[in-house]
Amino acid sequence: MTARIIDGKALSARLRAEFRQRVGRLVDQGVIPGLAVIRVGDDPASRIYVGNKVKACEECGVASFQQALAADASEADVLAGIRQFNTDPAIHGILVQLPLPGHIDVRRVLEAISVNKDVDGFHLYNVGGLVVGNTIFPPCTPYGVQLLLETTGTDVAGKNVVVVGASNIVGKPMALMLLQKEATVTICHAKTQNLAQHTILADILIVAAGKPGLIVPQMVKEGAIVIDVGINRLPDGRIVGDVDFAGVREKASWITPVPGGVGPMTVTMLIENTLRSAERAHHLRKNNDYQDWETPSIKAG
């Protein structure tokens, strides 16, 4: 068996074409979706990530705004920028590029972002929404993984899903989203003993551990669907995932490549959430429902 490729680049391109049409409809109604990005410091990787997000905005017709702060900027400076964007009607989505310098409280910063503009899906309100089965903005990477799984035509209900990695950004929200789809979910993490004992049972294996080559063929069930969220740069400059792609591809039924799998979808779902925010804001304001705009609500999400 040789696994079929789950092409994140192709799906991302199709979605962005649809986004351009949605943006066009908003523009016809006098609304230009806007995304604001706050970056602290001059980390090369962060510059690349922000650049990719700006390019995606340009491709889809979304206005982008950047605020670049020095590495020694205070937490108060970051919070002031967030407050400015929170109250700006031209901004529909706000994200703070992570990681932040150690002297800044990440949780305090993320909680300062308006729930109505939290397009990264990191605010406690949106995370809590995952637990009860609804949220305004699902976190971008798990959201992208969910759509990639849908392209395989697989119904996840009743399937054994193993998520390797328990981060707040990918692993935990991914598990919650799959539980809502009635999958049976196991989360493995750095202290899990006998990892292969769990992964070999997975009908769907999602790996987001940040360790190149962690998953080898003997750890994978024949015919499993394998989603590799990992992005690792090797000493020779190559970008690889957490899965031994060449080996595991000979056992899996579907597999995502790295690069070209989950990565493009993460940025694409950020644009989706920004459009959702703009559409939601326009709907609420058109109906003079300002109370719902000022107060967290999922009714119009």
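Read-outs throughout are calculated quantities, based only on the coordinates presented, and are distinct from any laboratory measurement. Everything numeric here is computed off the predicted structure, so don't read it as measured data. Don't worry about glycine lacking a Cβ; one is built from the backbone with ideal geometry, like all the others, and counts go over all protein chains shown.
Note on Lys286: aspartates and glutamates with a C-alpha under 17 Å away, same-chain residues under 8 apart excluded, are Asp28, Glu294. Label positions at Thr154 and Leu201, each projected 7 Å from the Cα along the C-beta direction, are separated by 1.7 nm.
Each other residue within a Cβ distance under 13 Å of Val31 adds +1 if Lys or Arg and -1 if Asp or Glu, for a net charge of +4.
Over all other residues within a Cβ to Cβ distance under 10 Å of Pro264, the charged ones net out to +1, with Lys and Arg as +1 and Asp and Glu as -1.
Near Thr141, within a Cβ-to-Cβ distance under 13 Å, what is the net charge of the other residues, with Lys and Arg +1 and Asp and Glu -1?
Values: positive: Lys172; negative: Asp120, Asp228, Glu272.
Cβ neighbours under 13 Å give a net charge of -2.
Can you order the peptides 52-61, 23-32, 243-252 by their average number of other Cβ atoms within 10 Å per residue, highest first? The partial results should precede the final answer.
Values: 52-61: 17.8, 23-32: 13.2, 243-252: 19.4.
Sorting 52-61, 23-32, 243-252 by mean packing, highest first, produces 243-252, 52-61, 23-32.
Of Ser277, Ser12, Ser253, the residue with the greatest mean-square motion in the GNM of the chain, using alpha carbon springs below 10 Å, is Ser253.
Each 5 Å bin from zero holds the following percent of Cα-Cα pairs in segment 28-114: 3, 14, 26, 23, 19, 9, 4, 1, 0. Each peptide in 140-151, 210-221 was scored by the mean count of other Cβ atoms within 10 Å over its residues; highest first, the order is 140-151, 210-221.
Among the listed options (i) 1.11; (ii) 1.01; (iii) 1.22, the one matching Cα Rg over 2.2 N^0.38 Å as calculated from these coordinates is (ii). The fraction of all Cα pairs in segment 175-279 landing in successive 10 Å bins from 0 to the largest distance is 14, 41, 33, 11, 2, given as whole percents. Comparing Asn287, Asn134, Asn168 in a Gaussian network model of the chain where C-alpha atoms under 10 Å apart are linked, the largest mean-square fluctuation is found at Asn287. Note that segment 69-114 shows a convex hull volume over its alpha carbon atoms of 69 Å³ per residue. Among the listed pairs Lys55/Lys191; Lys55/Lys251; Lys181/Lys221; Lys53/Lys211, a Cα-Cα separation exceeding 27 Å is found for Lys55/Lys191; Lys55/Lys251.
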